[in-house]
Amino acid sequence: MKKHILLPIFLLLSTLTNAQFIAEYKASNGITYHLGDTIVLGKGSNPAGDFKSIYKLWISKRDAKSDSIAIEKERKCTGQKVMIDRIEYLIGAEPENMIFNIAFQSGANYTLKIEEGIRLNEAEAYLSNPNYQDVLYEALLHRGINKITYPQFVSTLLRRLNDFREGENTLHSEWKVKLQPLQYSMELEKACFYFFDSKKNMIDRKMDHYDDKGRSPFDRMTKLKIKYLYAGENIVSFRNGDSVYEICERWKASPGHWQNIIYKNFTNVGFGFREDKDAIVNDFARFK
């Protein structure tokens with residue numbers, strides 16, 4: 001017996017900017033820097049001892065004086081260890097403009113032009129973080145979806161859903177056991193994109209589970225020769241700035257949508273994301 005679960009979701013996700021988030025960067029010194037890694041600062045190359053390659057991006061006219069004082073204090077930081085908590089490159093810019101957001105032990109955050117820092121010996125040493133993958137996951141989880149790559153989106157959403165199934169499913173009393181993690185399915189991903197190709201208008205009230213030919217997700221799976229015992233679908237619309245974390249929080253707040261995520265008979269999931277359709281589709285299944 002096949003069991004079908006249809007759950008429309010009217011939820012929301014992010015935008016492109018002139019900077020692209022990346023997980024790692026191989027610099028001219030041969031070192032590949034990752035999120036969460038530590039850089040040991042050398043000596044500032046300016047005569048006063050401050051750092052040419054470190055600066056603060058957000059300085060308002062009103063706060064210019066106080067920010068200048070703070071920057072002067074932080075720039076005199078020979079030997080300090082700073083953590084990389086963001087890596088970005090300006091789209092269309094040269095490698096010289098690759099920027100790291102760095103966090104000082106004091107809690108202050110500044111921007112480091114890494115190539116300039118290397119050239120001036122202001123970025124002196126490097127310490128790898130063995131928990132790099134966890135740091136990367138946390139960064140991607142809270143990053144706008146349009147600001148990360150599609151593979152990063154898939155891996156982050158899959159891990160988040162499986163985190164729910166493994167440890168957070170006690171939010172609903174009917175699920176108090178550790179559930180089997182979902183495995184990613186390219187077949188179900190294909191079904192998600194087949195929906196996009198089969199539905200022209202996915203905006204507002206026209207967003208539902210049926211394509212322009214009146215086919216349900218189960219009809220589309222059958223059309224693609226996907227054999228399943230159980231299947232379900234979640235649809236998410238998105239708006240600027242939304243992250244994987246934010247859409248998952250909305251799912252948690254919706255019992256029906258949450259049921260799809262933690263349904264014990266589902267073993268596989270696939271995602272589809274199309275910016276031009278303003279939507280994300282998640283198809284769940286247990287295959288025959």
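Bear in mind that the values in this text are calculations on the coordinates, not laboratory data. In this text, all values refer to a predicted model and were calculated from it rather than measured experimentally. As a convention, Cβ positions derive from the backbone with ideal geometry for all residues, glycine included, and neighbour counts pool all protein chains shown.
The local environment of D283, defined by Cβ-Cβ distances under 11 Å, has a net charge of -1 under the rule Lys, Arg +1 and Asp, Glu -1.
Among 129-139, 230-240, the peptide with the highest mean count of other Cβ atoms within 10 Å heads the list, and the full ranking is 230-240, 129-139. At full extension, K52 and K178 could sit 40.2 nm farther apart than now, given 0.36 nm per residue minus the alpha carbon distance. Using only side-chain charges placed at the Cβ, +1 for Lys and Arg and -1 for Asp and Glu, the dipole size of segment 208-288 relative to its Cα centre rounds to 560 debye. A Förster radius of 35 Å combined with the Cβ-Cβ distance from F287 to D212 puts the calculated FRET efficiency at roughly 0.80. Segment E138..N240, full-extension length gain: 34.8 nm, with 0.36 nm per residue of separation and the alpha-carbon distance subtracted. Could you sort out which of K26/K81; K199/K252; K178/K252 sit more than 24 Å apart by Cα distance in this structure? From K26/K81; K199/K252; K178/K252, over 24 Å: K199/K252.
Placing R0 at 25 angstrom, the Cβ-Cβ distance between K200 and K227 gives a FRET efficiency of 0.30 after rounding to 0.05. Applying 1/(1 + (r/R0)^6) with r as the Cβ-Cβ distance of A108 and I22 and R0 = 35 angstrom yields a FRET efficiency of 0.90. Couplings 3J(HN,Hα) of segment 181-193, computed from phi: x, 6, 9, 6, 10, 5, 5, 6, 4, 4, 5, 5, 6 Hz, in residue order, whole Hz [Karplus 6.51 cos²θ - 1.76 cosθ + 1.60, θ = phi - 60°; x for Gly and Pro].
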